[in-house]
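Step one of this worksheet: look at the structure below.
The values are calculated or read from the model by the stated rules, or taken from the named source; none is laboratory data. The structure displayed is predicted, hence computed values, not measured ones. Here the Cβ positions follow ideal geometry from the backbone for every residue, glycine too, while neighbour counts run over all protein chains shown.
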């Protein structure tokens with residue numbers, strides 16, 4: 001079963017749940033808006049699927065719902081933030097805002113975020129930077145508990161799914177944005193497949209004995225995720241384990257001293273600091289148009305730019321509503337009953353099948 005619900009109703013629903021578990025009104029609203037926007041963009045693995053997870057982490061003391069980020073160190077165009085183990089979206093948005101401020105002031109900025117829980121969709125924050133006219137680059141590492149990804153050729157969990165993101169400003173205030181996990185498949189997408197009762201594609205995962213599997217249902221039974229692109233993705237995962245983690249004051253996930261979270265590093269570069277004569281936005285847009293003119297290969301209808309699937313999903317879901325697997329909707333309704341939160345109307349919807 002799939003249910004469909006309008007974005008505004010879903011956002012208020014999630015906001016009410018977060019407020020009921022102790023989040024101040026502004027924090028509850030920000031986290032709910034972040035998750036629902038992520039669903040609108042089609043990244044259901046990082047959307048309201050996470051509400052039940054966050055509620056559980058609050059109950060376990062892993063998320064402090066009222067915590068706010070603070071600056072622990074500044075040096076030139078760099079800064080360190082601690083999220084104080086509040087909602088990761090709150091710390092990451094503050095890190096992006098600070099990166100924008102420092103990037104405009106210094107031409108280049110680097111802001112690390114430590115003591116942070118799940119930051120959500122990394123592209124949200126590089127997109128913020130690019131929308132401010134800067135080039136945004138983001139790296140994050142870790143997981144909520146321990147690693148999921150094995151190094152190339154291995155069969156032991158060592159790395160988190162360790163995403164990276166790049167965003168560049170375009171003409172007409174547009175943004176060209178790339179955001180992907182260094183795992184072959186993000187952990188959240190496996191969780192989503194499990195919620196839908198669907199298998200994962202071949203080549204994404206091993207079982208506890210190191211044998212290839214497509215069974216998303218064994219995720220919590222020792223399943224091991226593979227890196228994308230064989231040795232190349234494995235190498236990227238290693239670097240993501242090192243750079244944002246250590247610069248945020250954390251220990252790598254393989255260390256016995258690792259706690260939990262998504263240590264993150266955001267970079268902001270001002271194109272004008274490098275070449276005032278180049279119309280950076282115009283050149284980015286011209287390259288994007290050139291890519292779109294490429295003739296599609298056999299089996300493809302068109303060449304897509306990063307961000308195009310998301311913009312199409314957004315347009316469809318704003319109109320038709322956000323589709324949620326029955327298991328995700330049931331989790332939300334269970335939390336609503338637990339905390340005496342009103343449940344908005346939703347309908348079974350076959351528009352996406």
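Regarding residue 190, is this residue surrounded by fewer than 21 Cβ atoms within 10 Å (Cβ to Cβ) and modelled with pLDDT under 95? It is false that residue 190 is surrounded by fewer than 21 Cβ atoms within 10 Å (Cβ to Cβ) and modelled with pLDDT under 95. Among the residues making up the stretch 130-143, those that are buried (at least 20 other Cβ atoms within 10 Å of the Cβ) and out of contact with any strand residue (DSSP E or B) (no Cβ under 7 Å at 6 or more places or on another chain) are 141, 142, 143. Here is a check on your reading of the model: is residue 283 assigned to a helix (DSSP H, G or I) and in the same structural domain as residue 6 (by TED's automatic domain parsing)? Against the criterion (assigned to a helix (DSSP H, G or I) and in the same structural domain as residue 6 (by TED's automatic domain parsing)), residue 283 does not qualify.
Residues of the stretch 209-224 being under 14 Å from residue 146 (Cβ atoms) and over 23 Å from the mean Cα position of the chain (by Cα), which ones? Break it down into steps so the answer makes sense when it comes.
Step one: filter the stretch 209-224 for residues under 14 Å from residue 146 (Cβ atoms), giving 219-220, 222-224.
Selection gives 222 alone.
No other residue among 114, 127, 154, 136 is under 18 Å from residue 98 (Cβ atoms) and either touching a helix residue (DSSP H, G or I) at 6+ places or on another chain (Cβ under 6 Å) or without any contact (Cβ under 8 Å) to a residue 12 or more places away in the chain (or both) apart from 136. When the stretch 223-253 is filtered for residues that are touching a strand residue (DSSP E or B) at 6+ places or on another chain (Cβ under 9 Å) and at positive phi, only 249 remains. Confirm whether residue 168 is within 26 Å of residue 265 (Cβ to Cβ), free of Cβ contacts under 8 Å to residues at least 60 places away in the same chain and either surrounded by 15 or more Cβ atoms within 10 Å (Cβ to Cβ) or not assigned by TED's automatic domain parsing to the domain that holds residue 31 (or both). When the stated conditions are applied, residue 168 does not pass them.
Residue-by-condition table, conditions (1) buried (at least 24 other Cβ atoms within 10 Å of the Cβ); (2) over 24 Å from residue 58 (Cβ atoms); (3) over 18 Å from the mean Cα position of the chain (by Cα):
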site	(1), (2), (3)
233	no, yes, no
236	no, yes, no
246	no, yes, yes
254	no, yes, yes
261	yes, no, no
266	yes, yes, no
270	no, yes, yes
273	no, yes, yes
